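The values are calculated or read from the model by the stated rules, or taken from the named source; none is laboratory data. Nothing here was measured: the structure is a model prediction, and the numbers come from that model. Neighbour counts are summed over all protein chains in view; Cβ atoms, including those assigned to glycine, are modelled from backbone coordinates with ideal geometry. Ligands, DNA and RNA are excluded from the accessible area calculation, which covers all protein heavy atoms including side chains. Shrake-Rupley method; radii C 1.70, N 1.55, O 1.52, S 1.80 Å.
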Amino acid sequence: QVQLVESGGGLVQTGGSLRLSCAASGPALYAMGWFRQAPGMQRDFVAGISWNGDTAAYGYSVKGRFTISRDKAKNRLYLQMNSLKPEDTAVYYCAAATTFTVSDRTIDYHTWGQGTQVTVSS
């Protein structure tokens, strides 16, 4: 089973940008996604991408600001986050799905990384 390791989180001011990376220990043959979880809140879908990278989907609150991409040759997943807001503060998780198409349901993801903290100051 592939293992996932996120990196790139940190502290940034409102309006700033961050790029998260997720390194997979082996080929991720299925769709992948990013989720986030703030303290005391449920884990929410942020963005997902299909197995071949042709299709992407985004959560409503990040649409137009975040961009998901993947490099299958390098077994990496990315999340470019622009125009960050304090409400984007959360732990961000990379996940590998059991489907080829994009899914926004946590139940469709079987492998998760340990998470990386993103904090946006006002």
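Things to note:
- Residue match in the stretch 16-30 (condition: in contact with a Ser or Thr (Cβ under 7 Å, 6 or more places away or on another chain) and part of a strand (DSSP E or B)): yes
- For beta carbons closer than 6 Å, sequence separation of 6+ or different chains, a first residue in the stretch 31-55 that is of a type in the set (Asp, Glu) and a second that is outside any loop (DSSP other than H, G, I, E, B), the qualifying pairs are Asp44/Arg36.
- Any hit, the stretch 109-121, residues being part of a helix (DSSP H, G or I) and among the aliphatic types (A, V, I, L, M): no
- If you go through the stretch 33-64 and pick out every residue that is among the hydroxyl-bearing types (Ser, Thr, Tyr) and either over 14 Å from the mean Cα position of the chain (by Cα) or open to solvent by 60 Å² or more (accessible area, probe 1.4 Å) (or both), you end up with 3.
- Against the criterion of being of a type in the set (S, T, N, Q) and either without any contact (Cβ under 8 Å) to a residue 40 or more places away in the chain or surrounded by fewer than 16 Cβ atoms within 10 Å (Cβ to Cβ) (or both), Thr67 qualifies.
- First in the stretch 94-112 and farther than 20 Å from Ser21 by Cα, second anywhere and of a type in the set (S, T, N, Q) and surrounded by 16 or more Cβ atoms within 10 Å (Cβ to Cβ), Cβ under 7 Å, 6 or more apart: Phe100/Ser50; Thr101/Ser50
- Residue selected from the stretch 84-100 under the condition surrounded by 14 or more Cβ atoms within 10 Å (Cβ to Cβ), over 12 Å from the mean Cα position of the chain (by Cα) and of a type in the set (Ser, Thr, Tyr), by the criterion modelled with the lowest pLDDT: Thr99
- On the stretch given as the stretch 1-59, residues that are among the charged types (D, E, K, R) and closer than 15 Å to Val91 by Cβ total 4.
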